[in-house]
Amino acid sequence: MRAYHIAGVLLCGGASRRFGQPKAFYPYKNKPMFMYTYESLQAETEKTMVITRSEFISRFQSLNIGEVFEDRPAFSGKGPLAGLYTAMQEIPASWYMILPCDMPGITPAFVRYLKDQVLREQQNQCLIPSVKGYKQPAAAVYHRSCLPHIELLLKQEQLKMTALFERVNTCLVYPEQAGFPSKMFCNINTKADLSEMAHLYDSDKKV
């Protein structure tokens, strides 16, 4: 199997409890919400895959979007860290760029920005965007050398992505300094969040 330099990983494993229905497939501006981040990854990475729940596998496959995987059974349902672990087990690559399905403001230009950071990287294993002082570990890049650390954390039930940063060389990057607006990182957890995001973008148009 070919080894890629940068693989794109779309994480769609959440239960969408607050949203009330599977938000990955919820129509937003005439296409499923997940398509925004998926298409951004697809445009800028060599290989793009989706990591999702077992009940959504066939639904994603019916859309002919390429590789779709379920979390490895040992760590099924254990969040983004498990999704990243599964991606590293399924597709060989040096780097894995992950994005969530519920951040439709992300653009190919932002993915290209992260890719450019990777191409300059020589010593760090995680490149994590920091936006308004908050880390964005679910919209970041991880080197394959993180795999044994991820596996150990999952076995220890330490499921927060931030736990990984304490074990490997981590670098923060600052997309706002490169001109990317903070609203790009709005995470959609409820339908009200979608309305708020639309308001943010409409406000800019009126300026």
Within region 107-134, the residues that are among the basic types (Lys, Arg), at negative phi and in contact with a helix residue (DSSP H, G or I) (Cβ under 7 Å, 6 or more places away or on another chain) are 112, 115
Being at pLDDT 95 or above, under 23 Å from residue 33 (Cβ atoms) and part of a loop (DSSP other than H, G, I, E, B) narrows 104, 129, 137 down to just 137
Residue pairs qualifying under the 7 Å Cβ cut-off, at least six apart or on distinct chains, with the first in region 54-74 being small (Gly, Ala, Ser) and the second being surrounded by 14 or more Cβ atoms within 10 Å (Cβ to Cβ), are 54/70; 66/48; 66/49
Does residue 109 satisfy the criteria of being more than 17 Å from residue 186 (Cβ to Cβ), touching a residue at least 24 places away in the same chain (Cβ under 8 Å) and not aromatic (Phe, Trp, Tyr)? no
In region 157-181, residues that are in a loop (DSSP other than H, G, I, E, B) and touching a Pro at 6+ places or on another chain (Cβ under 7 Å) total 1
Residue hits (region 11-45; surrounded by 14 or more Cβ atoms within 10 Å (Cβ to Cβ) and not in a helix (DSSP H, G or I)) are 11, 12, 13, 14, 16, 19, 22, 26, 28, 32, 33, 45
With criteria (1) touching a residue at least 40 places away in the same chain (Cβ under 8 Å); (2) more than 27 Å from residue 26 (Cβ to Cβ); (3) in a loop (DSSP other than H, G, I, E, B), residue 142 comes up short on (3)
Scanning region 76-110 residue by residue, those under 26 Å from residue 181 (Cα atoms), under 10 Å from the mean Cα position of the chain (by Cα) and of a type outside the set (A, V, I, L, M) turn out to be 80, 96, 100, 101, 102
Checked region 57-89 for anything assigned to a helix (DSSP H, G or I) and either touching an Asp or Glu at 6+ places or on another chain (Cβ under 7 Å) or over 27 Å from residue 21 (Cβ atoms) (or both); matches are 57, 74, 82, 83, 85, 86, 88, 89
Of (1) surrounded by fewer than 15 Cβ atoms within 10 Å (Cβ to Cβ); (2) among the hydroxyl-bearing types (Ser, Thr, Tyr); (3) more than 21 Å from residue 137 (Cβ to Cβ), residue 76 fails just (3)
Flag if residue 195 is under 15 Å from the mean Cα position of the chain (by Cα) and not in a loop (DSSP other than H, G, I, E, B): no
Within region 3-59, residues being basic (Lys, Arg) and closer than 20 Å to residue 114 by Cβ number 1
Within region 2-40, restricting to residues that are farther than 17 Å from residue 107 by Cα and polar (S, T, N, Q), the one that is nearest to the chain's Cα centre (by Cα) is 16
Report task. Might you let me know whether region 79-88 holds any residue that is among the aliphatic types (A, V, I, L, M) and touching a His at 6+ places or on another chain (Cβ under 9 Å)? Result -> no
Checked 102, 116 against criteria (within 17 Å of residue 186 (Cβ to Cβ) and of a type in the set (Asp, Glu)); the one match is 102
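The values are calculated or read from the model by the stated rules, or taken from the named source; none is laboratory data. As the structure is a prediction and not an experimental result, all values here were calculated from the model. Cβ sites come from the backbone with ideal geometry, for glycine too, and all protein chains shown count toward neighbours.
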